[in-house]
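Asker: Below is one structure. I have some questions about it.
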Amino acid sequence: MVDRIAHEVFGLLFETSSEAVFVVDRSTQRIVSANVRAGEMLHCNVDSLIGVSLGELIFEADRDLSSAGHYEEVALRGSDGYPVYVELTVAHVRTADAGELAAFAARDTSERRLLERELVAKHAALYTAHAELERAHAQLGEAKRELEARNQQIALLAWRAAMGELVAGIAHHLNNPVGALASTLRRMARGIAGLPNDQRGELDRMLARVVELSRRIESNVAAIVQASRSAAQAEGLGRELPPELASALSAFVEKLEDIPTKDPS
């Protein structure tokens, strides 16, 4: 009689609904009626659902479905023991013959849940790929910085080599007149040594002064050569040579090439 009353109360809902529908006696919490779609969804015969306790049908034992309303992600127990996830709408009805009834309309969301899981998995894969891309980008940036640093080192080494050649050229052209000057001073010293003492006083002082200046020039040239060698071996320089100074030194070397060197001795 309860099954007949359930059909009378819920009408064509049992026959035409695409959702699984089962009716529960609210006083006993047992299923009194179910449509064909309910059996298909739970993979069982509809008759086997009649008399089953609602608590046995709900996979989550602590899930409270006693109030009318809409429930998301409800797990119903299938005949194979695995959960079937549904959206559940509960409606309460009071009848004179059957008493308090509750109609449960369940929409299977298992496929949607599967798609959501696939979407989450794809999102996780995308996130991982994005993280890998960021790491690759960081590595590429680091490689670029290393390449720029090496290019700077190569440019600095080339600059040092060019400056070494430039300074060596300058020192070479300075050494020739300095050597000639030293030779001339030695001849002058021999000549002055042959003069009488009363004629040598001022000449000796002048010669000593010129010899001192010649030694300073020799020392400065030697310092230039040593500085060029030290710069070629140094780990790094604080600054680059200004273009104007480099051009001036280059022009100076070119001019020195045109100056004839002659030993006065």
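Asker: If I model a spin label as a point 7 Å beyond the Cα along the Cα-Cβ vector, how far apart are those points for residue 146 and residue 87 in nm?
Answerer: 5.5
Asker: Let's test the formula: R0 of 25 Å, r as the Cβ-Cβ distance of residue 182 and residue 209. What FRET efficiency results, to the nearest 0.05?
Answerer: 0.95
Asker: Given the Cα-Cα distance of residue 28 and residue 62 and 0.36 nm per residue of separation, how much length would full extension add, in nm? Don't jump to the answer; show the numbers that get you there.
Answerer: Working: separation 34, 0.36 × 34 = 12.24 nm, distance 1.75 nm.
Gain in length upon complete extension: 10.5 nm.
Asker: A further question on this structure: Work through the residues other than residue 18 whose Cβ is under 10 Å from its Cβ and net out their charges, Lys, Arg +1 and Asp, Glu -1. Spell out each step's value before the answer.
Answerer: On the way: positive: 37, 107; negative: 19, 108.
Charge balance in the 10 Å sphere: 0.
Asker: For each of 109, 184, 128, count neighbouring Cβ atoms within 10 Å of the residue's Cβ, then give the residues from fewest to most. Mind dumping the intermediate values first?
Answerer: Working: 109 18, 184 15, 128 10.
Listed from fewest to most nearby Cβ atoms, that is 128, 184, 109.
Asker: Going by C-beta contacts inside 10 Å, put 188, 163 in order with the fewest on the left. List each step's numbers first, then the result.
Answerer: Details: 188 15, 163 18.
So the ranking, lowest neighbour count to highest, is 188, 163.
Asker: How far is the Cα center of the stretch 119-164 from the Cα center of the stretch 49-78, in Å?
Answerer: The stretch 119-164 and the stretch 49-78 have Cα centres separated by 58 Å.
Every number in this text was worked out from the coordinates using simple rules, so none of it is lab data. As the structure is a prediction and not an experimental result, all values here were calculated from the model. Glycine gets a Cβ as well: all are built from the backbone with ideal geometry, and neighbour counts include every protein chain shown.
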